[in-house]
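The structure appears below as structure tokens.
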Amino acid sequence: MPIYGFHCNACGKEFETLVRSFDTPECPSCASTDLTQQLARIASPGKGDDDFGSFSGGGGGGHTCGGGACGCG
């Protein structure tokens, strides 16, 4: 089951969730299904990879939480 990032078009919340092929994801805040799927970054296969933090996608240098989607970037 892949993890996808979503933006809720109803309330504006951004979140990540596991999605099965037969599931329709819902916003955890307002239960809306009016969602926009966000671009996902694929993690490197090994830990300690020096290049992992080089694609920050909008977060601070070396920030690896997903481009600041958590609100800390």
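Each reported figure results from applying straightforward, stated rules to the coordinates on display, with no laboratory input. Since the structure is predicted, the reported quantities are computational estimates derived from the model, not experimental observations. Please note: Cβ atoms are built from the backbone with ideal geometry, for glycine as well, and neighbour counts cover all protein chains shown.
Between Ala10 and Ser32, the contour length at 0.36 nm per residue exceeds the alpha carbon distance by 7.3 nm. Neighbour counts of C-beta atoms inside 10 Å place Thr33, Thr24 in the sequence Thr24, Thr33, starting with the fewest.
Seen from Phe15, the other residues with C-beta closer than 15 Å to its C-beta sum to a net charge of -4, counting Lys and Arg as +1 and Asp and Glu as -1.
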